[in-house]
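Engineer: Structure below; questions to follow.
The values are calculated or read from the model by the stated rules, or taken from the named source; none is laboratory data. Since this is a predicted model, take the numbers as computed values, not measurements. For neighbour counting, all protein chains shown are included, and Cβ atoms are generated from backbone atoms with ideal geometry for every residue, glycine included. Note: accessible area is taken over every heavy atom of the protein model, side chains too, but ligands, DNA and RNA are not part of it. Shrake-Rupley method; radii C 1.70, N 1.55, O 1.52, S 1.80 Å.
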Amino acid sequence: MEVKLHEFEKIYGDANKAAEERRKYLERVTGAKLENIGKTIIDLNTVVGRNIENVIGAVQVPVGVAGPLLVRGDYANGHFYVPLATTEGALVASVNRGAKLVTESGGARAKVLKDGMARAPLFRLPSLVEAVEFVNWVLQNFEEVKKVAESTTRHGRLKEIQPFIVGNYVWLRLVFSTGDAMGMNMVTVASDAVAKYLQEKFPNARLVALSGNMCVDKKPNAVNFLLGRGKTVVAEAVVKREVLGRLGVTPEAVHEVNVRKNLMGSALAHSYGFNAHFANIIAALFIATGQDVAQVVESSMGITTTEPREEGLYISVFLPSLEVGTVGGGTGLPTQREALALLGVAGPGDPPGTNALKFAEIAAAAVLAGELNLLVALARNELATAHERLGRARPQERA
Ligand SMILES: CC(C)(COP(=O)([O-])OP(=O)([O-])OC[C@H]1O[C@@H](n2cnc3c(N)ncnc32)[C@H](O)[C@@H]1OP(=O)([O-])[O-])[C@@H](O)C(=O)NCCC(=O)NCCSC(=O)C[C@@](C)(O)CC(=O)[O-]
Ligand SMILES: NC(=O)C1=CN([C@@H]2O[C@H](COP(=O)(O)OP(=O)(O)OC[C@H]3O[C@@H](n4cnc5c(N)ncnc54)[C@H](OP(=O)(O)O)[C@@H]3O)[C@@H](O)[C@H]2O)C=CC1
């Protein structure tokens, strides 16, 4: 009988052995050597069935630190070394120089303005009239729906239901607070319970999809930008004129780059990112700390604002949909957990939710540092030279 690759755990009874046998099989049929993928400190028994299937090993991404970065938030207070996992040369140096500019100027303030993970099941009703009746009932019976949703979780709390109707179709955007978890599994299970309950109440309602794409998960979109998803965070700083002066730039010059590039350029491009490179910092931080990397899509949407002032440059970053957690997902893997520990946010907070809020504030401050520095680098026209120096293959590799 032919054995399927993904059933090796059943045969060998151990995920590490199963992965080794999978690698041997793949080496035989493809001719590729997989000796490095096989070298990992992860005990694969701890990830199979929760983080990965058909596992063959792990890839390694180098991690650097940017900091110290002074953050003055409601939860994060002090100097932080921010772990960034990337293969883009010059990126860590960039955030590091930004952190220095911010810290020398008195630090970054940060605030989480909104907190809620959304899942939006999509229902079909026979007609518009029944769709409206359905929505009205759901809104009038919020407490009942909330009880059903929360029966599946200890930490999830249903905060709000945002309904959308198109023809005879209804999207219920269910928004939950999720403690220290990013919460996608948690709210999906809770939404499933709600969908089952509503279909029992309304036999004429049919669930088309538990995720109806109004959530919105892992796609660029306007809904999260306006209504928020995960943490909606803002960080700000006033970077001293003399601190910028040491690099030969003025607040006015950096402001001009921001307005012309991040606002006008992004408007012309119809981009969702009115920023220079939020995605660089978010992706590197997500990889280092075990976040769901696909959520870099909406987590890195946002706006950078600047104002030249007498004392220096006011700069802020607005991240409407930062989806982060300190428990669950990949946050428990050994290296990712250490990276979270470096920030003092590994595992559950006391009270629950405070570690994730602290992490979100640090993330926004790190984005601010990276954003500031790239604007400064562009004002000094040093992007190409920096990447030539720090971020290119060696000449012999390019030949
Ligand atoms: C690379 C720098 C920082 C050099 O900048 P510099 O001023 O020539 O370097 P320096 O040697 O004088 O050092 C100044 C500070 O930079 C930091 N620094 C300097 N070197 C290192 C290093 N090796 N490791 C860690 N930190 C470093 C460090 O903070 C240091 O201060 P110190 O600690 O020495 O007092 C600068 O040229 C720069 O920031 N360039 C821009 C690079 C950049 O921002 N890249 C981001 C990625 S670009 C991208 O992917 C997105 C993009 C651009 O396509 C998006 C878009 O369209 O806009
Ligand atoms: N299912 C889906 O549709 C999708 C799933 N994902 C994946 O979901 C995972 C993330 O989901 P997520 O729900 O965050 O994580 P997990 O599914 O790993 O669940 C985390 C659980 O930890 C428990 N918990 C313990 N302490 C705390 C605390 N202090 N705060 C909050 N929860 C706590 C909660 O239990 P309790 O609920 O009992 O409170 C919670 O459900 C990632 O792996 C991601 O890739 C991503 C996108 C879509």
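Engineer: What number goes with the only condition from (1) in contact (Cβ under 8 Å) with a residue 12 or more places away in the chain; (2) more than 16 Å from ligand 2 (Cβ to nearest atom); (3) under 30 Å from ASN45 (Cβ atoms); (4) open to solvent by 40 Å² or more (accessible area, probe 1.4 Å) that ALA284 does not pass?
Structural biologist: Looking at each condition in turn, ALA284 falls short on (4).
Engineer: Would you call LYS240 open to solvent by 50 Å² or more (accessible area, probe 1.4 Å), among the charged types (D, E, K, R) and not assigned by TED's automatic domain parsing to the domain that holds THR304?
Structural biologist: On the way: open to solvent by 50 Å² or more (accessible area, probe 1.4 Å): yes; among the charged types (D, E, K, R): yes; not assigned by TED's automatic domain parsing to the domain that holds THR304: no.
In short, no.
Engineer: I'd like the residue in the stretch 292-307 that is under 24 Å from LYS240 (Cβ atoms) and open to solvent by 10 Å² or more (accessible area, probe 1.4 Å) and, out of all such residues, is farthest from the chain's Cα centre (by Cα).
Structural biologist: Going through the qualifying residues, I end up with GLU307.
Engineer: Further question on the same structure: Among the residues in the stretch 187-207, are any part of a strand (DSSP E or B) and open to solvent by 20 Å² or more (accessible area, probe 1.4 Å)?
Structural biologist: Checked against the condition, which is being part of a strand (DSSP E or B) and open to solvent by 20 Å² or more (accessible area, probe 1.4 Å), the stretch 187-207 yields at least one hit.
Engineer: Keeping to the stretch 338-359, report how many residues are out of contact with any Leu (no Cβ under 7 Å at 6 or more places or on another chain), assigned to a loop (DSSP other than H, G, I, E, B) and either aliphatic (A, V, I, L, M) or not assigned by TED's automatic domain parsing to the domain that holds ARG72 (or both). First the steps, then the outcome.
Structural biologist: Applying the first criterion (out of contact with any Leu (no Cβ under 7 Å at 6 or more places or on another chain)) to the stretch 338-359 yields 338-345, 347-358.
Still in the list and also assigned to a loop (DSSP other than H, G, I, E, B): 343-345, 347-353.
In the following step, the residues that additionally are either aliphatic (A, V, I, L, M) or not assigned by TED's automatic domain parsing to the domain that holds ARG72 (or both) were identified as 343, 345.
So the answer is 2.
Engineer: So which residues in the stretch 365-399 are surrounded by fewer than 13 Cβ atoms within 10 Å (Cβ to Cβ) and either touching a Pro at 6+ places or on another chain (Cβ under 8 Å) or part of a helix (DSSP H, G or I) (or both)?
Structural biologist: Just the residues of the stretch 365-399 that are surrounded by fewer than 13 Cβ atoms within 10 Å (Cβ to Cβ), to begin with: 381, 384-385, 388-389, 392-399.
Selection gives ALA384, THR385, GLU388, ARG389, PRO395, GLN396, GLU397, ARG398.
Engineer: Among the numbered conditions (1) β-branched (Val, Ile, Thr); (2) open to solvent by less than 30 Å² (accessible area, probe 1.4 Å); (3) under 20 Å from GLU88 (Cβ atoms); (4) assigned to a helix (DSSP H, G or I), tell me where ILE362 comes up short.
Structural biologist: (3)
Engineer: Let me ask something else. Conditions first: (1) within 16 Å of ligand 1 (Cβ to nearest atom); (2) at negative phi. GLY325 passes all but one, so which condition is the exception?
Structural biologist: Only one criterion in (1) within 16 Å of ligand 1 (Cβ to nearest atom); (2) at negative phi is unmet by GLY325, namely (1).
Engineer: Do we find that THR40 is open to solvent by 80 Å² or more (accessible area, probe 1.4 Å) and outside any helix (DSSP H, G or I) in this structure?
Structural biologist: no
Engineer: Take the residues in the stretch 147-156 that are of a type outside the set (S, T, N, Q) and in contact with a helix residue (DSSP H, G or I) (Cβ under 6 Å, 6 or more places away or on another chain), then tell me which one is most open to solvent (accessible area, probe 1.4 Å). Please lay out each step first, then the result.
Structural biologist: First pass over the stretch 147-156, keeping only residues of a type outside the set (S, T, N, Q): 147-150, 154-156.
Then drop every residue that is not in contact with a helix residue (DSSP H, G or I) (Cβ under 6 Å, 6 or more places away or on another chain), which leaves 148-149, 156.
Working: VAL148: 27, ALA149: 0, GLY156: 0 Å².
Among residues in the stretch 147-156 that are of a type outside the set (S, T, N, Q) and in contact with a helix residue (DSSP H, G or I) (Cβ under 6 Å, 6 or more places away or on another chain), the one most open to solvent (accessible area, probe 1.4 Å) is VAL148.
Engineer: Now a separate question. Considering the stretch 308-337 alone, what residues qualify as being small (Gly, Ala, Ser), assigned to a loop (DSSP other than H, G, I, E, B) and surrounded by 24 or more Cβ atoms within 10 Å (Cβ to Cβ)? Before the answer, list the steps.
Structural biologist: Within the stretch 308-337, the subset small (Gly, Ala, Ser) is 312, 316, 321, 325, 328-330, 332.
If we keep only those that are assigned to a loop (DSSP other than H, G, I, E, B) as well, we get 325, 328-330, 332.
Across the stretch 308-337, the qualifying residue is only GLY325.
Engineer: I would also like to ask the following. From the residues in the stretch 345-359 that are under 11 Å from TYR75 (Cβ atoms) and touching a residue at least 60 places away in the same chain (Cβ under 8 Å), which one is surrounded by the fewest Cβ atoms within 10 Å (Cβ to Cβ)?
Structural biologist: THR354
Engineer: Still on this model: Run down ALA384, ALA356, ALA360, ALA366 and say which single residue is more than 16 Å from ligand 2 (Cβ to nearest atom) and within 19 Å of the chain's Cα centre (by Cα).
Structural biologist: Working: ALA384 fails: within 19 Å of the chain's Cα centre (by Cα); ALA356 fails: more than 16 Å from ligand 2 (Cβ to nearest atom); ALA360 fails: more than 16 Å from ligand 2 (Cβ to nearest atom).
On inspection, the qualifying residue turns out to be ALA366.
Engineer: Another question, then. Does ASN16 satisfy being of a type in the set (S, T, N, Q), over 24 Å from LEU340 (Cα atoms) and not assigned by TED's automatic domain parsing to the domain that holds ALA384?
Structural biologist: Values: of a type in the set (S, T, N, Q): yes; over 24 Å from LEU340 (Cα atoms): yes; not assigned by TED's automatic domain parsing to the domain that holds ALA384: yes.
When the stated conditions are applied, ASN16 passes them.
Engineer: Follow-up. Kindly indicate which of VAL63, VAL29, VAL59 is open to solvent by 70 Å² or more (accessible area, probe 1.4 Å) and either at pLDDT below 95 or more than 24 Å from the chain's Cα centre (by Cα) (or both). Steps first, answer last, please.
Structural biologist: Details: VAL63 fails: either at pLDDT below 95 or more than 24 Å from the chain's Cα centre (by Cα) (or both); VAL59 fails: either at pLDDT below 95 or more than 24 Å from the chain's Cα centre (by Cα) (or both).
The match here is VAL29.
Engineer: Another one. Hey, among the residues in the stretch 249-262 that are in contact (Cβ under 8 Å) with a residue 12 or more places away in the chain and out of contact with any helix residue (DSSP H, G or I) (no Cβ under 9 Å at 6 or more places or on another chain), which one's least open to solvent (accessible area, probe 1.4 Å)?
Structural biologist: Step one: list which residues in the stretch 249-262 are in contact (Cβ under 8 Å) with a residue 12 or more places away in the chain, which gives 249-259, 261-262.
Remaining after also requiring out of contact with any helix residue (DSSP H, G or I) (no Cβ under 9 Å at 6 or more places or on another chain): 252, 259.
Working: GLU252: 84, VAL259: 37 Å².
Looking at residues that are in contact (Cβ under 8 Å) with a residue 12 or more places away in the chain and out of contact with any helix residue (DSSP H, G or I) (no Cβ under 9 Å at 6 or more places or on another chain), I get VAL259.
This table checks each residue for (1) buried (at least 20 other Cβ atoms within 10 Å of the Cβ); (2) farther than 19 Å from ASP217 by Cα; (3) in contact (Cβ under 8 Å) with a residue 40 or more places away in the chain.
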site	(1), (2), (3)
VAL145	yes, yes, yes
LEU158	yes, no, no
PHE176	yes, no, yes
MET184	yes, no, yes
